[in-house]
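The values are calculated or read from the model by the stated rules, or taken from the named source; none is laboratory data. Treat the numbers as computed from the prediction; the structure is a model and nothing was measured. As a convention, Cβ positions derive from the backbone with ideal geometry for all residues, glycine included, and neighbour counts pool all protein chains shown. Side chains are part of the model used for accessible areas, which takes the heavy atoms of the whole protein and leaves out ligands, DNA and RNA. Shrake-Rupley method; radii C 1.70, N 1.55, O 1.52, S 1.80 Å.
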Amino acid sequence: MSILVIAEHDNAALKPAVLNAVTAAVELAGHAGGDVHLLVAGENAGAVASEAAQIAGVAKVLHADGAEYGHGLAENLAPLVVKLASGYSHVIAAATSFGKNVLPRAAALLDVQPVSDISAVESADTFVRPIYAGNAMATVRSTDSVKLVTIRGTAFDAAAAEGGSAAVESTDSAGDTGLSRFLGQELTKSERPELTTAGIVISGGRGMQSGDNFAMLEKVADKLGAAIGASRAAVDAGFVPNDYQVGQTGKVVAPDLYLAIGISGAIQHLAGMKDSKVIVAINKDEEAPIFQVADYGLVADLFQAVPELEAALDG
Amino acid sequence: MKVLVPIKRVIDANVKVRVKADESGVELTNVKMAMNPFCEIAVEEAVRLKEAGTASEVIVVSAGITQSQETLRTGLAMGADRAILIQTDVALEPLAIAKLLKAVVDKEEPGLLLLGKQAIDGDNNQTAQMVSALLGWSQATFASKVAVDGDKLNVTREVDGGLENVNLNMPAVVSVDLRLNEPRYASLPNIMKAKKKPLETVTPEDLGVDVTPRVETVKVSEPPARQAGVKVASVAELVEKLKNEAKVI
Ligand SMILES: Cc1cc2nc3c(=O)[nH]c(=O)nc-3n(C[C@H](O)[C@H](O)[C@H](O)COP(=O)(O)OP(=O)(O)OC[C@H]3O[C@@H](n4cnc5c(N)ncnc54)[C@H](O)[C@@H]3O)c2cc1C
Ligand SMILES: Nc1ncnc2c1ncn2[C@@H]1O[C@H](COP(=O)(O)O)[C@@H](O)[C@H]1O
């Protein structure tokens, strides 16, 4: 049996997290045997199917086309996954808002208990996953015949986007449930690298005091090619959009360099960034818990230190 | 329209969780418990729907040990009308909880289920999606805005790229995110009043649901510890270290 990866895309291109899920799938196939297949369900998403066929390690792309798959609605995608699942030992997706939305719905229809957000594969049926905001690591074994799993992107390298030559096979739609309708979206526009895959992330917290002050972080980000993130407090206060939130209930990042500016370091925030390679904290409170995980801590007023940092990067 | 709000009792979000020495789980004895924060947001939203005249009755339901009654009482003190405890000592998984909730829904016939997007203990983020599937209802996860529009529901969802708007057939299942509302604190008079509100207890057997776990916990261990590093005295020293020591810029 093979491993099926549910691919996330916007009908034009794959989302980067798919590549991390493919790596996890290849690892699973190493334990369970079989090939890695990708499901691309979309509306006029032929280009995505072709892109998926290039990913190293993918043996086959299943392409389902229909308006019912145009916006990733879980009510329509889940029955399609159910229809395909019997041929697979594992059905997986990245633990993105898309994967978290769709995969448990498919699992329930299959009478399977899914396993969320795994950070390691121990064997075909045994996985490691963080619980309690990463305060504990659970090793769990699934006894279901098909295993439905979401993958923590930062825990698995991205597969090579090119080098593969999978066959693209079309697969029939499972129909439109008509249960819900996509009305529209307000996506955050940014020229910066994507937060979860960026090599450098600079995040601001409540200490930033306003959304306007994030301009200071943007200047530093420009010089470093960094993505911008935030704590929950900064998002709740309306400084920045919701999709900037890093943490237990936001995005998980693990860049080479994470700069926490005016962030205290609550456990819920740490859950989203403590696997970063190098952590820098700038905070005026020397007792701030963020310093307990920071490789380099600077006790300073950020309104002085951040412009200084920006200037120093020219040197 | 009745609104059903499934709520979970978890370790309080402010408690530092500790792994047990025998790696069988996390320490729960003498640890402060509370309603899962996302469930508080769900209760708040349901109570606001009732205050707006959209909902006729708010029912809170929790599956778990006897002490989950305390969590249900908190929900009642926030403004729910009555409570159902599905009492069991079995450690429940989202699939089992979804089945139990479906059985309650079949009996109560609510028009809307509001759940938290995630319980902060297991961090599963599954139950809403699963109960919606079992019911064959529409679903909107990670809601930051919910508005009833005749026999439809408009929901704004927090997604990875920003926000998404969907229109759901009712009945519907919604899981709530942090920005939906700010939950109220229960006032003392309301806490007193909540003690007299009805709380019914049923068991998984009463509901005809098999709750045998499908996923076995092999062990629960400490995460890899991170060492605190050094304090630098100036921005210049920081930049120097990042360039020459860490070599990340
Ligand atoms: C259910 C739940 C889920 C949550 N999920 C998340 C999540 O996913 N992500 C997340 O981040 N949080 C999350 N939280 C919130 C978390 O508990 C903290 O409240 C939050 O992370 C605090 O954000 P903060 O550090 O920006 O603010 P604060 O804790 O208020 O810290 C602000 C810091 O800025 C410093 N500061 C202020 N002014 C200056 C200055 N001029 N110069 C330098 N330093 C300054 C202060 O010393 C302080 O340390 C969650 C909480 C709950 C209950
Ligand atoms: N034992 C339970 N009893 C009632 N509701 C629950 C229970 N467990 C989870 N839920 C609901 O499902 C949501 C998501 O939980 P989870 O899928 O475990 O992350 C919670 O916020 C609750 O609304």
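Think of segment A:2-106 as a dipole: +1 on every Lys or Arg Cβ, -1 on every Asp or Glu Cβ, centred on the Cα centre; then among A:Ile3, A:Tyr69, A:Phe98, A:Ile3 lies furthest on the positive end. Largest mean-square fluctuation among B:Ala13, B:Ala133, B:Ala236, in a Gaussian network model of chain B whose springs join Cα atoms under 10 Å apart, belongs to B:Ala236. Between B:Asn167 and B:Asn244, the modelled labels are 6.4 nm apart [label points 7 Å from Cα along Cα→Cβ].
Helix content alone sets the calculated 222 nm mean residue ellipticity of the protein assembly as shown: runs of n ≥ 4 DSSP H residues at -39500 (n - 2.57) each, divided across all residues, give -8000 deg cm²/dmol. Neighbouring Cβ atoms from other chains, within 10 Å of the Cβ of residues in A:291-303, number 5 on average. Other protein chain C-beta atoms within 10 Å of residue C-beta, averaged over B:129-137: 6.
Around the amide H of A:Ala120, modelled in the peptide plane, lie the amide H atoms of A:Val128, all under 5 Å away and 5 or more residues distant in sequence or on another chain. In this structure, the amide hydrogen of B:Thr203, modeled 1.01 Å from its nitrogen in the peptide plane, lies closer than 5 angstrom to those of B:Gln87, counting only residues at least 5 positions away or on a different chain.
Using the heavy atoms of the protein chains alone and a 1.4 angstrom probe, what is the accessible area of segment A:87-142 per residue in square angstrom?
Computed with neighbouring chains in place, this is 20 Å² per residue.
Please give the charge dipole size of the protein assembly as shown, origin at the Cα centre, charges +1 on K and R Cβ atoms and -1 on D and E Cβ atoms. Round to the nearest 20 debye.
Dipole about the Cα centre, nearest 20: 1220 debye.
Across segment A:236-247, rounded Karplus estimates of 3J(HN,Hα) from the backbone phi angles (6.51 cos²θ - 1.76 cosθ + 1.60, θ = phi - 60°) give 4, 6, x, 5, 9, x, 4, 6, 8, 5, 9, x Hz, Gly and Pro being marked x. If you wrap the tightest convex hull around every Cα atom of segment A:86-216 and split its volume per residue, you get 216 Å³. For a Förster distance of 35 Å, can you work out the FRET efficiency between the beta-carbons of A:Arg181 and B:Arg226, rounded to the nearest 0.05? The calculated FRET efficiency here is 0.20.
The length gained by stretching the chain between A:Ala47 and A:Glu162 to full extension, at 0.36 nm per residue less their Cα-Cα distance, is 40.0 nm.
Using a Förster distance of 35 Å, how high is the FRET efficiency between B:Thr54 and A:Lys189, based on the Cβ-Cβ distance and rounded to 0.05?
Numbers: r = 34 Å, r/R0 = 0.98.
Efficiency for this residue pair is about 0.50.
Computed over protein heavy atoms with a 1.4 Å probe, the carbon and sulfur contribution to the accessible area of segment A:222-285 reaches 47%. Selection among B:Val211, B:Asn167, B:Leu178 by position relative to the dipole of segment B:151-213 gives B:Leu178 as farthest towards the positive end (Cβ unit charges, Cα centre). Average projection, convex hull of the Cα set of the protein assembly as shown: 25.0 square nanometres.
Label-to-label distance, B:Leu188 versus A:Ala237, with points set 7 angstrom from Cα along the beta-carbon direction: 3.3 nm.
Each residue of segment A:290-306 is assigned a 3J(HN,Hα), and the resulting list reads 4, 5, 6, 10, 7, 6, 10, x, 10, 8, 6, 6, 5, 5, 9, 5, 5 Hz, derived from the Karplus form 6.51 cos²θ - 1.76 cosθ + 1.60 (θ = phi - 60°), x at Gly and Pro.
Let me make sure I get this right: for segment B:1-82, a, b and c are the square roots of the gyration tensor eigenvalues over alpha carbons, sorted descending. Under 1.5 in a/c it's rounded, otherwise prolate if a/b > b/c, else oblate. Which is it? It comes out prolate by the Cα gyration axes. Pairing chain B with chain A buries about 6700 Å² of accessible area. This figure sums both sides and uses a 1.4 Å probe. Counting heavy atoms of the protein chains alone, A:His31 has an accessible area of about 90 Å² for a 1.4 Å probe. Calculated FRET efficiency, B:Thr66 to A:Lys277, Cβ-Cβ distance, R0 = 56 Å: about 0.75 to the nearest 0.05. Counting Cβ atoms of other protein chains within 10 Å of each residue's Cβ and taking the mean over peptide B:220-228 gives 6.
Rounded, prolate or oblate: pick one for segment A:198-293, where a ≥ b ≥ c are the square roots of the eigenvalues of its C-alpha gyration tensor, a/c under 1.5 means rounded, and failing that, prolate if a/b is larger than b/c, else oblate. Taking the square roots of the gyration eigenvalues as a ≥ b ≥ c, segment A:198-293 is rounded. For B:Ser234 paired with B:Lys197, estimate the spin-label separation in nm (one decimal), with each label point 7 Å from Cα along the Cα-to-Cβ line. Going by the 7 Å Cα→Cβ label model, 6.1 nm. Summary value for chain B: 23 percent relative contact order, contacts being C-alpha pairs under 8 angstrom separated by 6+ residues. Compared with the dominant Cα axis of chain B, that is its longest principal axis, helix B:68-78 is turned about 80°.
What ranking, highest mean first, results for peptides B:58-66, B:216-224 when packing means the other Cβ atoms within 10 Å averaged over each residue? It would help to have the intermediate numbers written out before the result.
Details: B:58-66: 23.1, B:216-224: 14.1.
My ranking of the peptides, most packed first, is B:58-66, B:216-224.
Using a cutoff of 8 angstrom between alpha carbon atoms and counting only pairs six or more residues apart, the relative contact order for chain A works out to 15 percent.
The local environment of B:Ala233, defined by Cβ-Cβ distances under 14 Å, has a net charge of -2 under the rule Lys, Arg +1 and Asp, Glu -1.
Does a label point 7 Å from the Cα of A:Thr143, set along Cα-to-beta-carbon, have any residues of segment A:87-111 with amide nitrogen under 17 Å, and which are they? Within reach of a label on A:Thr143, which here means backbone N under 17 Å from a point 7 Å along Cα→Cβ, segment A:87-111 contributes A:111.
3J(HN,Hα) along segment B:129-135, derived from phi through the Karplus expression 6.51 cos²θ - 1.76 cosθ + 1.60 where θ = phi - 60°, amounts to 4, 6, 5, 4, 4, 5, 7 Hz, with x in place of Gly and Pro. Classify segment B:44-150 as rounded, prolate or oblate, taking a ≥ b ≥ c as the square roots of the eigenvalues of its Cα gyration tensor: rounded when a/c is under 1.5, otherwise prolate if a/b is larger than b/c and oblate if not. The shape class here is oblate.
Toward the positive end of the charge dipole of the protein assembly as shown, with +1 on the Cβ of Lys and Arg and -1 on the Cβ of Asp and Glu, the farthest Cα among A:Ala271, B:Ala77, A:Val240 is that of B:Ala77. Taking only Cα atoms, what is the 0 to 90° angle, nearest 10, from helix A:214-224's long axis to the longest principal axis of chain A? That works out to roughly 70 degrees.
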